[in-house]
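Notes follow the structure.
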Amino acid sequence: MHPNRQTFISRMLQTLRKYHFNHYRVHITDEFRQDIRWWLLFLHDYNGISIIPDVDWSSPDAIISSDACLKGIGGVNFTTFEYFHSDIPESLRDMHISVLEMYAIYIAIQFWTSSISNKRVQLFCDNQSCVEILNRGTGRDQEMLNLARQIWYLCASSNVQLRVSYIASVENRLSDFESFKEQFTVVR
């Protein structure tokens, strides 16, 4: 899946829908400005030639899964045979588990950016809210949407075509195991 355009226009559209006539003065929110900045940076970097690929693909170049629990996050890169674990940062300890799951995805993409750049990546997650928000580009939880924007920005800036799929928790055992460890670990 390509970086979901809806992710980077939904706040702008939401703001504009409040105004029924073209002659109304529009108050531009900080979120609106952030989305405009994203588009300006992205369009500048990609020079308008290949903005967001819409290519269907069936065979990924890399396969990743991630997971979170209330104590930590973890992930597995099945292509490079690497995995990671990290404790939940103090600032996120009171967040809903869905936010922690989205944070685990963000860290996995950030951690493996160099090995997944210019590739088609299949990511498995056992949290349906994360899968839904990343695939649709919209949702109600602002924390999850903010993390989704960061995930898609990483993907766009590294030319990663990301496809996110749901995986049942019982089938996500390696990432589940990594999320329960006691300290940050990386094995290569």
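The values are calculated or read from the model by the stated rules, or taken from the named source; none is laboratory data. Note that the coordinates shown come from a computational prediction; the quantities given were computed from them, not determined experimentally. Glycine also receives a Cβ, built like all others from the backbone with ideal geometry; neighbour counts cover every protein chain displayed. Note: accessible area is taken over every heavy atom of the protein model, side chains too, but ligands, DNA and RNA are not part of it. Shrake-Rupley method; radii C 1.70, N 1.55, O 1.52, S 1.80 Å.
Laid out as a table, the results:
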{"read-out": "The stretch 111-130 - residue that is part of a loop (DSSP other than H, G, I, E, B) and open to solvent by 30 Å² or more (accessible area, probe 1.4 Å) and, of those, nearest to GLN150 (Cα to Cα)", "value": "SER117"}
{"read-out": "Subset of the stretch 136-154 (residues that are small (Gly, Ala, Ser) and surrounded by fewer than 22 Cβ atoms within 10 Å (Cβ to Cβ))", "value": "GLY137, GLY139"}
{"read-out": "Any hit, the stretch 87-95, residues being farther than 19 Å from CYS69 by Cβ, in contact with an Asp or Glu (Cβ under 9 Å, 6 or more places away or on another chain) and either among the acidic types (Asp, Glu) or assigned to a helix (DSSP H, G or I) (or both)", "value": "no"}
{"read-out": "In the stretch 113-152, residue farthest from ARG11 (Cα to Cα) [restricted to those that are among the aliphatic types (A, V, I, L, M) and more than 11 Å from the chain's Cα centre (by Cα)]", "value": "ILE116"}
{"read-out": "Subset tally (residues that are at pLDDT 80 or above and out of contact with any Phe, Trp or Tyr (no Cβ under 8 Å at 6 or more places or on another chain)) for the stretch 34-63", "value": "7"}
{"read-out": "Flag for TYR106 being under 9 Å from the mean Cα position of the chain (by Cα), surrounded by 15 or more Cβ atoms within 10 Å (Cβ to Cβ) and of a type in the set (Phe, Trp, Tyr)", "value": "yes"}
{"read-out": "Flag for ILE133 being more than 13 Å from ASN77 (Cα to Cα) and either open to solvent by 10 Å² or more (accessible area, probe 1.4 Å) or at pLDDT 85 or above (or both)", "value": "yes"}
